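Have a look at the structure below before the remarks.
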Amino acid sequence: MQLIFAGTPEFAAVALAALLDAGHAAPLVLTQPDRPAGRGMQTQLSPVKKLALRHGLEVLQPLSLKSDPEVRERIRAQQADALIVAAYGLLLPQSVLEMPRLGAINLHASLLPRWRGAAPIQRAILAGDTESGISLMQMDAGLDTGALLASVTTPITAHDTATSLHDRLAVLGAQLLVATLPRLPLPAVPQAAEGVTYAAKIDKAEARLDWQKSAHELDRQIRAFTPFPVAHARFADDTLKIHAARPSAAPTAAPPGTVLAIGKEGICVACGEDALLLTELQKPGGKRLAAAQFLAGYTAIRTGMHFT
């Protein structure tokens, strides 16, 4: 097929690579503008742009499709079979959705209508969902409200982080897209009216651990916020990042946040229910370390002291 591809992060780049490997043409690629990132705040190209440039594809980076008639005209002139959208991050006007012969098809990292919106992977882990998946959707003007063309599911394990689930969904999504395109046009099934939830964008403030919560809730929070924005807690005058932990069935009368035990495996901290064993931590200005290595260089923690 002759495609236009719109996407920005690594999740989208995996899909674009699969399309190109399958023999589809995507001579025009849309991605978000280059932006500063990282400690040095240097301008970074999106993963999709890097891939497109390696393949010699034309790249457009409008700030908005609503206010850029030249880009809209360029999309129209392409006369594409379909516009493939994966984690693009910009709203697409109805007029753009209707330009390709088969319309616009969106690859979304949830089982719609659950977790429409910006952060479906993180929200699914936070909520304790036992499965996630990919939905292939015929786009309309709403927020992830289009009719469904195909889907695939995958379990969310007790060890999944946002990183591991993202990587698995990216591969499943690329495979589903490549398998479905040759079958288009397909009858699209409207989304169910029941079970609609919204995956709001992650706010950094959500990463602060509240020890009044249960150990299982905090474990999900830590896994959902890996690799960003990383769960954290205050200890003495430091903010410590918590990269990995696991619940520990350790009933105690100690107040939530109390350090119950310290050992090679980790730091056991009382929660509102049970306890949490912190197994990978990072001090300010330091590296992410396993608990034993962390404790060798951070000796302030003692049994009976408190995280807040």
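For the range 84-128, rounded, prolate or oblate, judged on the Cα gyration tensor with a ≥ b ≥ c (square roots of eigenvalues), a/c < 1.5 rounded, else prolate if a/b > b/c? Prolate. Think of each Lys and Arg Cβ as +1 and each Asp and Glu Cβ as -1; about the Cα centre, that makes the dipole of the chain roughly 620 debye. Legend: calculated FRET efficiency, Gln42 to Leu184, from the Cβ-Cβ distance at R0 = 45 Å, rounded to 0.05, equals 0.65. Expressed as an acute angle from 0 to 90° and rounded to the nearest 10, what is the orientation of the C-alpha long axis of helix 215-224 relative to the principal long axis of the chain? Taking Cα atoms only, the helix is inclined about 40 degrees.
With the highest mean first, a sort of the peptides 12-24, 157-169 on other beta-carbon atoms found within 10 angstrom per residue produces 12-24, 157-169.
Here the spin labels are modelled as points 7 Å beyond Cα on the Cα-Cβ line, and at Ala193 and Arg35 they lie 3.7 nm apart. The distance linking the range 126-162 with the range 1-32 is 20 Å (Cα centroid to Cα centroid, whole angstrom).
Size descriptors for the range 108-213: radius of gyration and Dmax over Cα atoms are 14.7, 52 Å. Placing +1 on each Lys and Arg Cβ and -1 on each Asp and Glu Cβ, with no other charges, gives the range 172-296 a dipole about its Cα centre of roughly 460 debye.
Past the 26 Å Cα-Cα mark, which pairs from Lys204/Lys287; Lys213/Lys283; Lys201/Lys241; Lys49/Lys287; Lys201/Lys264; Lys49/Lys201? Intermediate results must be reported in sequence, preceding the final value.
Values: Lys204/Lys287 20 Å; Lys213/Lys283 23 Å; Lys201/Lys241 21 Å; Lys49/Lys287 30 Å; Lys201/Lys264 36 Å; Lys49/Lys201 23 Å.
Violating the 26 Å Cα-Cα cut-off are Lys49/Lys287; Lys201/Lys264.
Across the range 204-297, Cα-Cα pairs more than 20 Å apart make up 27 percent of the total. Only one item in (1) 23.8; (2) 21.2; (3) 19.7 matches Kirkwood radius over Cα pairs in Å derived from the coordinates shown, and that item is (2).
Values quoted throughout were computed directly from the atomic coordinates according to the rules given, and no laboratory measurement underlies them. These numbers were taken from a predicted model, which means no experiment stands behind them. FYI the Cβ positions are ideal-geometry reconstructions off the backbone, even for glycines, and counts take in every protein chain you see.
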